[in-house]
Amino acid sequence: MIRIKEAILHILDINTNEPIFSYAGLDTSERMMIEYIEAMVAKVEDSDSMKDGILEEDNPMTGLFKNCQSDFVEGTKALSEKFFNVTKLNPEIPPADLLIAHFELDEVPCLGVFKLNYSDSYTHFVSYEGDVLTNQIILNRAILPSQRQAIQEGLVVNLEQMAYHVIEKKHMIAELGEKVNYFTEMFLEDTPKPSLKENISIIKKAVQKTSKAFNDEEFQVLAETKEAIVTSMQEDNLIDNEKIAEALFGDNFAKKQKYFEQVEELGYVDRAPAEAAVAGPKYSKQKFRLDNGIEISIPLELYKDPDVVEFINNPDGTTSVIIKNIEKIKNLF
């Protein structure tokens with residue numbers, strides 16, 4: 001349950017020399033505004049790209065966030081100025097507005113910071129030349145995301161514990177000469193834990209390296225990995241790496257050891273929270289792309305059913321896929 005207390009929009013167009021601060025908040029009694037802010041919060045909280053962390057007391061952002069509780073307008077101006085100073089020297093970071101909201105999430109005071117990147121869109125414009133009214137078409141280069149559109153950067157901070165959830169995208173930083181997660185590294189000055197999506201990617205890479213080391217068939221091991229991950233998310237609401245290793249390698253100590261070495265080296269965070277409602281639909285099918293161009297999508301629960309599908313290793317080293325007992329075929333054109 002979200003109860004919005006106050007919100008404000010600051011314009012941080014890097015094509016201008018200075019940010020354009022708002023000196024008054026948005027009307028949070030309007031249904032449109034309430035729904036828009038709720039949608040922005042959901043884009044952070046319901047994303048499998050969401051990372052979490054906790055700001056220490058000596059982190060400069062801790063004081064800035066707390067100041068927003070006592071003086072919302074001035075506190076958000078300080079936040080926005082810091083953000084603008086990071087982005088204005090790096091032209092590859094898209095220009096945007098910064099929407100900042102103070103709200104309660106399940107009765108916990110929170111602050112949301114959402115970067116609303118601009119996009120181009122055409123609209124009409126009514127002009128007068130003398131007494132002649134003319135309807136024109138103009139290009140507006142500062143269109144904000146709709147409720148349904150994704151955002152690249154967003155943050156929700158628990159103001160009691162300074163715990164935060166964040167989504168972000170790497171961008172080229174001129175002074176560093178490389179792409180970095182500037183939103184956390186330069187704005188928050190903190191390093192969050194890997195997201196659910198990143199943790200799954202780490203597991204995938206570790207399994208690939210392990211299967212290669214032991215000459216296992218990669219596509220089969222990865223299919224079993226996906227099944228083990230989904231099972232862990234559904235049963236435990238987290239990714240339990242011990243259970244995944246057990247499901248994949250059983251009593252094979254050598255494979256387990258190799259796998260655990262790889263996930264540790266890649267930065268995996270064990271027992272990371274994983275909302276099955278978020279991640280489940282993305283991992284409900286086994287998908288394969290064959291080298292002849294054919295793509296196959298098999299529901300997870302049918303993948304191991306020998307009456308439905310069978311993978312056969314041929315003597316010449318190739319693999320055959322047999323799909324069985326089909327009563328009807330529908331073209332999805």
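Brief remarks on what is shown
- The single condition from (1) in a helix (DSSP H, G or I); (2) within 22 Å of the chain's Cα centre (by Cα); (3) within 13 Å of Ala272 (Cα to Cα) that Phe183 fails is (3).
- Screening the candidates Ser29, Ser47 for the property of being surrounded by 16 or more Cβ atoms within 10 Å (Cβ to Cβ) and assigned to a loop (DSSP other than H, G, I, E, B) yields one hit, Ser47.
- Tally of residues being touching a residue at least 12 places away in the same chain (Cβ under 8 Å), in a helix (DSSP H, G or I) and either within 19 Å of the chain's Cα centre (by Cα) or surrounded by fewer than 17 Cβ atoms within 10 Å (Cβ to Cβ) (or both) across region 190-208: 10
- Number of positions in region 61-89 that are surrounded by fewer than 17 Cβ atoms within 10 Å (Cβ to Cβ) and not in a helix (DSSP H, G or I): 2
- The set of residues in region 152-189 that are free of Cβ contacts under 8 Å to residues at least 40 places away in the same chain and either in contact with a Cys (Cβ under 8 Å, 6 or more places away or on another chain) or of a type in the set (S, T, N, Q) (or both) contains only Asn181.
- Among the residues of region 125-154, just one is of a type in the set (Phe, Trp, Tyr) and over 30 Å from Glu35 (Cβ atoms), namely Tyr128.
- Pairs where the first residue, in region 301-322, is under 25 Å from Gln234 (Cβ atoms) and the second is surrounded by 13 or more Cβ atoms within 10 Å (Cβ to Cβ) and β-branched (Val, Ile, Thr), C-beta under 8 Å, 6+ apart: Leu302/Val308; Leu302/Val309; Tyr303/Val309; Val308/Ile298; Val309/Ile298; Val309/Val321; Phe311/Thr319; Phe311/Val321
- Taken over region 291-327, residues that are in a loop (DSSP other than H, G, I, E, B) and either among the polar types (S, T, N, Q) or surrounded by 10 or more Cβ atoms within 10 Å (Cβ to Cβ) (or both) amount to 9.
- When Tyr164 is tested against (1) in a strand (DSSP E or B); (2) of a type in the set (Ser, Thr, Tyr); (3) modelled with pLDDT of 95 or more; (4) surrounded by fewer than 21 Cβ atoms within 10 Å (Cβ to Cβ), just one condition goes unmet, and that condition is (4).
- Unique match (being part of a helix (DSSP H, G or I) and surrounded by 11 or more Cβ atoms within 10 Å (Cβ to Cβ)) among Phe260, Phe288: Phe260
- When Gln220 is tested against (1) in contact with a Leu (Cβ under 6 Å, 6 or more places away or on another chain); (2) farther than 16 Å from Gly53 by Cα, only condition (1) is not met.
- Of everything listed in (1) touching a strand residue (DSSP E or B) at 6+ places or on another chain (Cβ under 6 Å); (2) at pLDDT 90 or above, the single unmet condition for Ile239 is (2).
The values are calculated or read from the model by the stated rules, or taken from the named source; none is laboratory data. What you see is a predicted model, and the numbers here were worked out from it, not measured in a lab. Reconstructed Cβ throughout: ideal geometry from the backbone, glycine too, with neighbour counts over all protein chains shown.
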